[in-house]
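The values are calculated or read from the model by the stated rules, or taken from the named source; none is laboratory data. The structure presented is a predicted model; accordingly, all values stated were derived computationally and were not measured. Quick reminder, even Gly has a Cβ in these numbers, built from the backbone with ideal geometry, and neighbours come from all protein chains shown.
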Amino acid sequence: MQILDGKYVSEKLKVEIAEQAANYLQRSGRKPHLVAVLVGHDGGSETYVASKMRNCEKVGFKSTLVRYEDIVTEAELLLKVAELNADEDIDGIIVQLPLPKHIDPEKVTEKIDHRKDVDGFHPINLGRMQRNLPSFIPATPYGITLMLKEYGVETAGKHCVVVGRSNIVGSPMSILMARNTQPGNCTVTICHSRTPDIKKFTLDADILIVAIGKKNFITADMVKEGAVVIDVGMNRETSTLTKSGYKLYGDVDFENVAPKTSWITPVPGGVGLMTIIGLLQNTLASANKQVY
Ligand code: GUN
């Protein structure tokens, strides 16, 4: 068993991104600029957005956080997005999800100019990704592909089982793994909450990507000997033992599953750190006009 080390890969790629950001600054006299919109005070969202902003600064990007209380109206938020779309000093816009119930995330996502949609959630970007055209690729699936590439994990011809069909991870991940690209060229199965007997499918997976949001959902009896296991789970439980006041658990029972695998991502220290890299790469590509 070998670890797909998100800490190592993300630090290495951040050095490369910082070099490119410095070049960009020299050429253009400005820094790539990411704006994050955060509504309310969800604990997970606070942590993720703070980390995105911190990492932007680390690699020499400009970052701006726009905050709203959760009483903000949908109309106000849409107006803000329109303003950010029109601002020529902004390369990337993300609106952190989830949003409060009275705001339709689809409306907000579609309002973001697809040329600044560095989350890759806009239907234009998703459609272009599926067609293998230049597009922004959702950060978590993008980060996972960068990690597989870094370690030279062979995917062509393999059976990839994706557990979870979210717009953010499962659905775009399944598209990427089926595409005629490297990594990719897999036979893909998507399992979700309405799949009877998920184990039947996971046991046949050469590559198992789990994004279901349930601690220890994948147990050792569900994994084939020698499989590659990617754990996207970010399940937070309050804990008095850590400085942050919570402890992070993946969707995979790492301790018992790891010995059966060829490669596996830990939580923390795996996919979460790569998500940031996906976002930084998209923002840099937007500044460099490499996509649109
Ligand atoms: N919520 C969970 N993951 C993400 C993400 O990658 N982007 C945004 N905007 N919200 C999220």
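Before moving on, here are some points about what is shown:
- Of the residues making up segment 1-29, those that are outside any helix (DSSP H, G or I) and in contact (Cβ under 8 Å) with a residue 40 or more places away in the chain are Met1, Gln2, Ile3, Leu4, Asp5.
- When the residues of segment 193-214 are filtered to those that are in a loop (DSSP other than H, G, I, E, B) and under 14 Å from Val232 (Cβ atoms), the one that is nearest to the chain's Cα centre (by Cα) is Ala211.
- Candidates Ser166, Ser193 - the one that is within 13 Å of the ligand (Cβ to nearest atom), polar (S, T, N, Q), more than 28 Å from Asn288 (Cα to Cα) and not assigned by TED's automatic domain parsing to the domain that holds Val49: Ser166
- Some residue of segment 60-75 being farther than 24 Å from Leu284 by Cβ, under 21 Å from the mean Cα position of the chain (by Cα) and surrounded by 17 or more Cβ atoms within 10 Å (Cβ to Cβ): no
- Residue match in segment 113-120 (condition: away from the ligand (no atom under 15 Å from the Cβ), farther than 26 Å from Ile230 by Cα and in contact with a Pro (Cβ under 6 Å, 6 or more places away or on another chain)): no
Here's the yes/no breakdown for (1) over 27 Å from Pro268 (Cβ atoms); (2) out of contact with any Leu (no Cβ under 8 Å at 6 or more places or on another chain); (3) of a type outside the set (Val, Ile, Thr); (4) modelled with pLDDT under 95:
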position: Val9; (1), (2), (3), (4): no, no, no, no
position: Lys12; (1), (2), (3), (4): no, yes, yes, no
position: Glu16; (1), (2), (3), (4): no, yes, yes, no
position: Ala36; (1), (2), (3), (4): no, no, yes, no
position: Glu46; (1), (2), (3), (4): no, no, yes, no
position: Thr64; (1), (2), (3), (4): no, no, no, no
position: Glu69; (1), (2), (3), (4): yes, yes, yes, no
position: Val72; (1), (2), (3), (4): yes, yes, no, no
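- Candidates in segment 85-108 are the residues that are surrounded by fewer than 21 Cβ atoms within 10 Å (Cβ to Cβ) and not in a loop (DSSP other than H, G, I, E, B); of these, the one that is farthest from the ligand (Cβ to nearest atom) is Ala86.
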